[in-house]
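Q: Can you keep this structure in mind? I'll have questions shortly.
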Amino acid sequence: MENLEQVHLQVKEIFYPPEDIKKECIVQDYESMYKKSIENPEEFWSEVASQLHWFQKWDKVLEWNFPYAKWFVNGKTNITYNCLDANIEKGRRNKVAYISVDEEGNEKKLTYGELLEQVNRLANGLKSLGVSKGDRVSIYMPNTVEAVISMLACARIGAIHSVVFAGFSEGALKLRINDAKAKVVITATYTKRRGKKIPLLPIVKEAIYDLDFVKNVIVWDRDRELEESEFSKKFVSFEELIKTSSPYFNPEVMDSEDPLFILYTSGTTGKPKGVLHTVGGYMVNTYLTTKTVFNIKEDTVYWCTADIGWITGHSYIVYGPLLNGTTIVMMEGVPVYPHPGIWWEYVDKYRVNVFYTAPTAIRMLMRFGDEIPAKYDLSSLKILGSVGEPINPEAWLWYYKNIGRGKAVVVDTWWQTETGAHMITTLPCYPAKPGKAGKPLFGVVPDIVDKEGNSLPPNTIGHLVIKKPWPSMLRTCWGEPERYEKYWKEIPGNVYSAGDLATIDEDGYIMILGRADDVLSVAGHRIGNAEVESAIIEHPAVAEAAVIGKPNEIKGESIKAFVVLKEGYTPSAELVEEIKETVKEVLGAIAVPDEIEFVDKLPKTRSGKIMRRVLRAKELGQELGDISTLED
Ligand code: 6R9
């Protein structure tokens, strides 16, 4: 199996949490708390959910009608009540909720009181445009607090938000707006990257020009550069809407199982899946995991470097930390601009205690040398999180030594868009093993199985499955229930199949090795092989394409495409550039292949399926494996 080399790379050392951190841990006794969550889930989850505000208490914790789950049945709440009003009731009105910074050191601070007011105003604004409960709103925004306000305003009125990463191009954006049939799109004139303005509004205009169901576009005119004439009945100003709407709004009473958001993620086909999360279970589990994994205290300063366009941004920049009343740093920009110490400069400046990032960023920053972080006072750090892809022991150790200075713990959190919240991770109260994510979180029952669903012995590579429903699980795929059911039917035994390969050791630590299916992980971003292939085929010269991932030191994987041209076309450097440009237009820069090779034909099965596995093995000089189904 691929990735086996990683198994041999593992560090044998075990890292115990420093005494002062261990003493402060919210969870002291993981084993007994975990045991309770499995043996007595009703009681366990009731206790957790009771720490939050409900307009009406649930009748039953779980109704499991395979493969459909209802959590906190008949409970009524609003997640924004818990994110905002409840914090104010607890005396946090003047506590800073967000410090939203850009690359140039410009910051915008918003207290819980101010955030509530802004959210209420935009909620009223959305209502005035005719948006109501159940309507979809697409959000295509920079990674700033304005994006958070947009998400919360939707949740406040019960509209379903669908955030689209602002790095996606108009093709990807259009597909998502169209699939969700969004009534309104919220966007900004631009986002900033490496000191440059990257326009967003023109992309939205192009994406929606023939989508009649989009009634309004709300535009945050960041530099007030738009002419009067650019606003119309359709295009409304974000700032005006906020300014002219009332600051009071009674949150919509939501059923626990009402939808909260859709987030599109890559699967094995060309079309991304609209993962749907609902209010109650997602709220309870993002609250609990943020609190216990990051050990949130009243004075914790927390920074997650993700983008709100991904699930990590949803659960751990917005909902989880707000539900815990935390002070949250968020940044617009890249980790190396204006200099490769910018993150550490901000950790130092804001005295960040919890820092949560991706292995690809760590590997990139490592390359600039140990002297860069050494210039800053990073002594405030207590917990260092990792997410998005396996963290190789080398990067783990660098993070631990050069950022945590041996005085902070590293938590490697495995989870997915579909799981909504952390599933497997080390907790700060028990020792970590570099390269291994750790043990299951509360209520999570994982197993490593073969394709037939048989449990495998320790240290054997198999498929990672989850055997019981959990509160923040996806409820369906938007408009495609059969794709949802596939997660539970892929492997026999009524288990959720994560699509990852993993092993478990004799101490119960799980190590994730990577995807088992045709999904790439490029710089921690999930990209479907088929998605890139369909984008390549949009180029008029291309007859067929196959895409594989190649190991890459920094990005985890890089994309290589094999392309068959149509009759009459000859390979050229210009064609390579044109094809790359096509992918950039259709999907966005993150999906552009690093390498394109022209070939005469692609290896296929007799039924005509492209065997990417064969291409990959050939490319990497590995054994071809079973090729008995190969056509010729
Ligand atoms: C949260 C997020 C999910 C896929 C997942 C796996 C990989 C995420 C990981 C990890 C190893 C970790 N993944 N965290 N692999 N160790 N700590 O990334 O969601 O974008 O849906 O990706 O990412 O392959 O299946 P998402």
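Q: For the structure I just gave you, tell me whether M473 is touching a residue at least 40 places away in the same chain (Cβ under 8 Å), crowded, with 22+ Cβ neighbours inside 10 Å and within 23 Å of P41 (Cβ to Cβ).
A: yes
Q: Just give me the residues in the stretch 256-287 being open to solvent by less than 10 Å² (accessible area, probe 1.4 Å), within 27 Å of T357 (Cβ to Cβ) and away from the ligand (no atom under 16 Å from the Cβ), in sequence order.
A: Within the stretch 256-287, L260, G281, M283, V284 meet the criteria.
Q: Quick one: which of K197, K243 is assigned to a strand (DSSP E or B) and either in contact with a Lys or Arg (Cβ under 8 Å, 6 or more places away or on another chain) or within 25 Å of P338 (Cβ to Cβ) (or both)?
A: Among K197, K243, only K197 is assigned to a strand (DSSP E or B) and either in contact with a Lys or Arg (Cβ under 8 Å, 6 or more places away or on another chain) or within 25 Å of P338 (Cβ to Cβ) (or both).
Q: Would you confirm whether or not the stretch 52-65 contains a residue that is in contact with an Asp or Glu (Cβ under 6 Å, 6 or more places away or on another chain), surrounded by 20 or more Cβ atoms within 10 Å (Cβ to Cβ) and within 16 Å of V279 (Cβ to Cβ)?
A: Within the stretch 52-65 (the criterion being in contact with an Asp or Glu (Cβ under 6 Å, 6 or more places away or on another chain), surrounded by 20 or more Cβ atoms within 10 Å (Cβ to Cβ) and within 16 Å of V279 (Cβ to Cβ)), the answer is yes, since at least one residue qualifies.
Q: If I filter the stretch 367-392 down to residues being among the charged types (D, E, K, R) and touching a Pro at 6+ places or on another chain (Cβ under 9 Å), which single residue comes out as nearest to I403 (Cα to Cα)?
A: Checked the stretch 367-392; the qualifying residue nearest to I403 (Cα to Cα) is K382.
Q: Could you tell me which of the residues E577, E533 is of a type outside the set (S, T, Y) and without any contact (Cβ under 8 Å) to a residue 12 or more places away in the chain?
A: After ruling out the rest, the residue left standing is E577.
Q: Any residue in the stretch 399-419 that's under 10 Å from L384 (Cβ atoms) and assigned to a loop (DSSP other than H, G, I, E, B): show its pairings with residues that are more than 11 Å from the ligand (Cβ to nearest atom) and open to solvent by 20 Å² or more (accessible area, probe 1.4 Å) at Cβ separation under 6 Å, as long as the two are six or more apart or on different chains.
A: Every condition considered, the pairs that remain are A408/K382.
Q: Between residues in the stretch 351-370 that are under 15 Å from E394 (Cβ atoms) and residues that are among the aromatic types (F, W, Y) and buried (at least 22 other Cβ atoms within 10 Å of the Cβ), which pairs lie under 6 Å by C-beta distance while being six or more apart or on different chains?
A: I362/Y399
Q: Here's a follow-up. Which residue, of E480, E538, E533, is open to solvent by 40 Å² or more (accessible area, probe 1.4 Å) and either away from the ligand (no atom under 12 Å from the Cβ) or among the hydrophobic types (A, V, I, L, M, F, W, C) (or both)?
A: After applying the criteria, what remains is E538.
Q: Right, I461: open to solvent by 10 Å² or more (accessible area, probe 1.4 Å), closer than 21 Å to K439 by Cβ and within 12 Å of the ligand (Cβ to nearest atom) or not?
A: When the stated conditions are applied, I461 does not pass them.
Q: Filter the stretch 390-413 down to residues that are open to solvent by less than 20 Å² (accessible area, probe 1.4 Å) and within 7 Å of the ligand (Cβ to nearest atom) and give me whichever is farthest from the chain's Cα centre (by Cα).
A: Restricting to residues being open to solvent by less than 20 Å² (accessible area, probe 1.4 Å) and within 7 Å of the ligand (Cβ to nearest atom), the top hit is I391.
Q: Further question: Would the stretch 417-431 turn up any residue that is within 12 Å of the ligand (Cβ to nearest atom), over 19 Å from E490 (Cβ atoms) and of a type in the set (D, E)?
A: No; the residues of the stretch 417-431 include none that is within 12 Å of the ligand (Cβ to nearest atom), over 19 Å from E490 (Cβ atoms) and of a type in the set (D, E).
Q: Which one of these is open to solvent by 50 Å² or more (accessible area, probe 1.4 Å), among the aliphatic types (A, V, I, L, M) and touching a strand residue (DSSP E or B) at 6+ places or on another chain (Cβ under 8 Å): V293, V253?
A: The match here is V253.
Okay, residues lined up against (1) assigned to a helix (DSSP H, G or I); (2) out of contact with any Ser or Thr (no Cβ under 9 Å at 6 or more places or on another chain):
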| site | (1), (2) |
| --- | --- |
| V137 | no, no |
| I149 | yes, yes |
| R156 | yes, no |
| A166 | no, no |
| D179 | yes, no |
| F213 | no, yes |
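So that you can scan it fast, the table gives a plain yes or no per residue for (1) at pLDDT below 95; (2) among the basic types (K, R); (3) surrounded by fewer than 21 Cβ atoms within 10 Å (Cβ to Cβ):
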{"position": "N178", "(1), (2), (3)": "no, no, yes"}
{"position": "V184", "(1), (2), (3)": "no, no, no"}
{"position": "G195", "(1), (2), (3)": "yes, no, yes"}
{"position": "L200", "(1), (2), (3)": "no, no, no"}
{"position": "I203", "(1), (2), (3)": "no, no, no"}
{"position": "I208", "(1), (2), (3)": "no, no, no"}
{"position": "E230", "(1), (2), (3)": "yes, no, yes"}
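Q: What number goes with the only condition from (1) surrounded by fewer than 24 Cβ atoms within 10 Å (Cβ to Cβ); (2) part of a helix (DSSP H, G or I) that C429 does not pass?
A: Result: C429 passes all but (2).
Q: Which count do you get for residues in the stretch 500-528 that are small (G, A, S) and modelled with pLDDT of 95 or more?
A: Within the stretch 500-528, residues that are small (G, A, S) and modelled with pLDDT of 95 or more number 2.
Q: State whether one or more residues within the stretch 365-382 are within 15 Å of the ligand (Cβ to nearest atom) and hydrophobic (A, V, I, L, M, F, W, C).
A: no
Q: Go through the stretch 100-132 and give me each residue that's surrounded by 17 or more Cβ atoms within 10 Å (Cβ to Cβ), within 28 Å of V347 (Cα to Cα) and in contact with a Ser or Thr (Cβ under 7 Å, 6 or more places away or on another chain).
A: Result: S100, V119.
Q: Exactly one condition in (1) closer than 30 Å to P446 by Cα; (2) open to solvent by less than 30 Å² (accessible area, probe 1.4 Å) is not met by E506; state its number.
A: Only one criterion in (1) closer than 30 Å to P446 by Cα; (2) open to solvent by less than 30 Å² (accessible area, probe 1.4 Å) is unmet by E506, namely (2).
Q: Could you check P373 against (1) closer than 30 Å to E114 by Cβ; (2) free of Cβ contacts under 8 Å to residues at least 40 places away in the same chain; (3) in contact with a Leu (Cβ under 9 Å, 6 or more places away or on another chain) and say which number it fails?
A: (1)
Q: Still on this structure: Among T582, T629, T605, which is the only one that is over 30 Å from W396 (Cα atoms), surrounded by 15 or more Cβ atoms within 10 Å (Cβ to Cβ) and among the polar types (S, T, N, Q)?
A: After ruling out the rest, the residue left standing is T582.
Q: Moving on. Examine the stretch 515-523 for a residue that is at positive phi and more than 16 Å from the ligand (Cβ to nearest atom), and state whether such a residue exists.
A: no
Q: Could you please give the count of residues in the stretch 220-265 that are β-branched (V, I, T) and in contact with a Phe, Trp or Tyr (Cβ under 8 Å, 6 or more places away or on another chain)?
A: Selection size over the stretch 220-265: 2.
The values are calculated or read from the model by the stated rules, or taken from the named source; none is laboratory data. Quick caveat, the model's predicted, so the values are computed rather than measured. Neighbour counts are summed over all protein chains in view; Cβ atoms, including those assigned to glycine, are modelled from backbone coordinates with ideal geometry. With ligands, DNA and RNA removed, areas are computed over all heavy atoms of the protein, side chains included. Shrake-Rupley method; radii C 1.70, N 1.55, O 1.52, S 1.80 Å.
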